[in-house]
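The values are calculated or read from the model by the stated rules, or taken from the named source; none is laboratory data. Just so you know, these numbers come straight off a predicted model, no measurement behind them. Cβ placement follows ideal geometry from the backbone for every residue including glycine, while neighbour counts extend to all protein chains displayed. Accessible surface areas use protein heavy atoms only, side chains included; no ligands, DNA or RNA. Shrake-Rupley method; radii C 1.70, N 1.55, O 1.52, S 1.80 Å.
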Amino acid sequence: MNASSEPPSPAEPSWRIQPQGDRCLIITFGDRIDASVGQTCLAAARKLRDAQLAGVTDVVPSFVAVAVHYRPDGVGGGPTCSALTARVNALLADGIPADASAERDIDIPVCYGGEHGPDLEDVARAAGVTPDDVIALHSGPRSMVFMLGFAPGHPYLGLHDEKLNIPRRPSPRTVVPIGSVAVANRQTVIYPNRLPGGWNIIGATPLTLFDPTREPASLLQPGDSVRFVPISADEFNRIRQAQP
């Protein structure tokens, strides 16, 4: 039989599934931070949640992968690792929705510079622009929430203009004030509580990012589209005082 008469080989899936311990599968879709990869992770996570797979307790997207947490076989009637892997593969092979529309459009007020943004001028120097240019670059285009991580309600957003592709601080701070808005590597994080951190702080938001008494507890969710809105220090104080 010549090569032309052989049946075509099935296409390799564009993802890889690996166990992470005995209660989690990691589905990897890429190896670098990219908007299209992030949107694929969000779409795949949405499809897996909608499927309501037996034994699955949570589905968590990240920059390049999706974690599927589950109760293993023998614990509440959960699936085996191989059975869940096969089910997930079948669902994804059926097609991952191409709809990349944002879950929600949210405005986040930010007071840039001064006491709220002690690293703004350093960021401007590193980027070769003025502090006002940094604010314009940061607050102009909308940013996508790729994931929550590091701490409850701690969002990672991007990707920003290449000029904001600057490294983290050489020495991390042991305490970063609540609400701090910080940048590094074309990304933004917002600190929901007082936390250690090594990102460059360019401003702060007066909004409460995480409240365990609220439903949902996190103000931002993966897939949200965020616009950073510059505000004055007076406006910052007014909004902060009005927060529950």
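Couple of notes before you dig in:
- Inter-residue pairs, beta-carbon under 7 Å, first over 15 Å from R125 (Cβ atoms) and in segment 161-172, second open to solvent by 100 Å² or more (accessible area, probe 1.4 Å) and not hydrophobic (A, V, I, L, M, F, W, C), 6+ apart: none
- Answer residue from segment 132-182, given it is of a type in the set (S, T, N, Q) and open to solvent by 60 Å² or more (accessible area, probe 1.4 Å) and is nearest to D34 (Cα to Cα) among those: N165
- Any hit, segment 20-31, residues being more than 19 Å from the chain's Cα centre (by Cα), at pLDDT below 90 and open to solvent by less than 70 Å² (accessible area, probe 1.4 Å): no
- For segment 183-206, residues that are aromatic (F, W, Y) and either in the same structural domain as A43 (by the TED database) or open to solvent by 10 Å² or more (accessible area, probe 1.4 Å) (or both) total 1.
- Flag if D119 is acidic (D, E) and open to solvent by 60 Å² or more (accessible area, probe 1.4 Å): no
- Tally of residues being surrounded by 13 or more Cβ atoms within 10 Å (Cβ to Cβ) and in a helix (DSSP H, G or I) across segment 77-92: 10
- Filter pass, L209 being within 18 Å of the chain's Cα centre (by Cα), open to solvent by less than 30 Å² (accessible area, probe 1.4 Å) and assigned by the TED database to the domain that holds D234: yes
- Qualifying residue in segment 104-118 (condition: farther than 30 Å from A54 by Cβ and out of contact with any strand residue (DSSP E or B) (no Cβ under 8 Å at 6 or more places or on another chain)): yes
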